[in-house]
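A short worksheet on the structure shown next.
The values are calculated or read from the model by the stated rules, or taken from the named source; none is laboratory data. None of the values given here were measured: they were computed from a predicted structure. We place every Cβ from the backbone using ideal geometry, glycine too, and count neighbours over all the protein chains shown.
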Amino acid sequence: MKSESALQELAFQALDSFQIEIPSWGFANTGTRFGKFLQAAAASTLEEKFGDAGQVHKLTGVTPTLALHVLWDLPNGIQDVETVRSLETRYGVTAGSINPNLFQDQEYKFGSLCNPSAEIRERAVAHMIDSVTIARRLGSRDVSLWLPDGSNYPGTQSIRKRIEWLEDALQRTHQALSPSQRLLVEYKPFEPAFYHTDIADWGMSAHLARTAGPQARVLVDTGHHYAAQNIEQIVAWLLHIDLLGGFHFNDRRYADDDLTLGSIDPYQIFRIFHEIHLSGREVLGEVAFMIDQSHNLKGKMEAMVQTVCAGQELWLKAALVDREPLAGLQDACELVAAEELFRGAFWCDVRPLLREWRRARGLPEDPLAALAESGYVQRITAERGAKMAATVTSYA
Ligand code: LRH
Ligand code: MN
């Protein structure tokens, strides 16, 4: 059994190594295809998104970067780089991963990088290369690609041709990267396409990353799996073949529900974090932790702070797994003893240790309570409320 001080040292080391990127779109009004429930406090400008991100970082100390979606956050492309720079200085968070938008233009009806029209594919590749340039100008390492491309009916598209177009597009994007940049390739089994999706699983993503070039990696969005899939096994494989670039963390009960991390299956995230801890500290710089959620009902600031705290708790629980004796029990096939050791860490209430670490780092012991006490949400609700009235919400 570890001594009190040894436990605290281990915990502080683990928490010092945990950082998670927050998505600008997590602060905006989002919904489902059946509509949006508007929140007066929601962010609708890039400045408001940086303001909210700055507040989350002030309260938690572990969210120094903000993921940006190009057409949502830099509608004028490169021209908006200086604006982002000044917002970084004002709010104390920097631009993180740059996410191209290849899903909202009418011309992408039959695909973007995989569209049968060479002309449309060219425009999509141009957007990818613009995104790489924006990332370079902002000093962002990762260009994070999610592609909605696919089809809705059998026989309506050539799956093989689309693979070739995709390989070509990602090779050309990779050529545009500077030596310190990376291309992250996110997979998703379905939605918005409901027959085939061009990048549907980790194998397809891994192949495309390999053929694109040495600076390409796979991005694992925890919501992008069939319910029966073993996500931590996929993570173990991607670590083994050195292709794991990062995560989009969220939770789900059914499909890509984008619910808050750990709200439905916290043990899932614990099992994923265990595979990361097993790979030692050297992978930490290589594996980007990012949140990708849409807060349709919860208050967006509260949901974001709650998510970061849940991430810290589950990261610390997984750090407490005594990995050496566990390896011995696994090799000896001591199933129950191994499981009890593994599960035992998950059942640990790590919140006292987390409060100690926050106190030691000059951070609020309870960020959610500190958010409530700060009056921040009331202030932005008053400031932003008036704008909301004008917003139309209907889908059809
Ligand atoms: C697609 C996705 C992708 C983002 C979007 C907001 O489902 O996970 O990562 O671009 O959500
Ligand atoms: Mn995602």
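Here are a few things to note about the model shown:
- Only a single item in (1) away from ligand 1 (no atom under 14 Å from the Cβ); (2) farther than 30 Å from SER86 by Cβ; (3) of a type in the set (D, E, K, R) is not met by ARG141, and it is number (2).
- Against the conditions (1) among the small types (Gly, Ala, Ser); (2) within 16 Å of ligand 1 (Cβ to nearest atom); (3) in a loop (DSSP other than H, G, I, E, B); (4) within 16 Å of the chain's Cα centre (by Cα), GLY285 satisfies every one except (2).
- Filter pass, LEU68 being within 16 Å of ligand 2 (Cβ to nearest atom) and touching a strand residue (DSSP E or B) at 6+ places or on another chain (Cβ under 6 Å): yes
- Residue count for region 252-267 under the criterion of being among the aliphatic types (A, V, I, L, M), within 16 Å of ligand 2 (Cβ to nearest atom) and free of Cβ contacts under 8 Å to residues at least 40 places away in the same chain: the result is 1.
- Selection of first residues in region 173-192 that are among the hydrophobic types (A, V, I, L, M, F, W, C) and of second residues that are part of a loop (DSSP other than H, G, I, E, B) and more than 16 Å from ligand 2 (Cβ to nearest atom), restricted to Cβ pairs under 8 Å at least 6 apart or on distinct chains, gives the following pairs, ordered by first then second residue: LEU177/GLY213; LEU177/GLN215; LEU183/LEU177; LEU183/GLY213; LEU183/GLN215.
- Among residues of region 7-42, those that are within 16 Å of ligand 2 (Cβ to nearest atom), of a type outside the set (A, V, I, L, M, F, W, C) and over 12 Å from SER294 (Cα atoms), counted: 1
- Tallying residues that are polar (S, T, N, Q) and either within 16 Å of ligand 2 (Cβ to nearest atom) or surrounded by 15 or more Cβ atoms within 10 Å (Cβ to Cβ) (or both) within region 172-206 yields 4.
- The condition (being within 15 Å of ligand 2 (Cβ to nearest atom) and modelled with pLDDT of 95 or more) is satisfied by just one residue among PHE270, PHE249: PHE249.
- Region 207-230: number of residues that are surrounded by 15 or more Cβ atoms within 10 Å (Cβ to Cβ), among the polar types (S, T, N, Q) and assigned to a loop (DSSP other than H, G, I, E, B): 2
- Within region 386-394, the presence of at least one residue that is in a helix (DSSP H, G or I), modelled with pLDDT under 95 and surrounded by 12 or more Cβ atoms within 10 Å (Cβ to Cβ) is confirmed.
- Candidate set from region 328-358 (those that are within 30 Å of the chain's Cα centre (by Cα) and among the aliphatic types (A, V, I, L, M)); member that is nearest to ALA369 (Cα to Cα): LEU354
- Counting only helices (runs of 4 or more DSSP H) that fall entirely inside region 288-371 and contain at least 2 residues that are surrounded by fewer than 17 Cβ atoms within 10 Å (Cβ to Cβ), the qualifying elements are 323-331, 335-347, 351-360.
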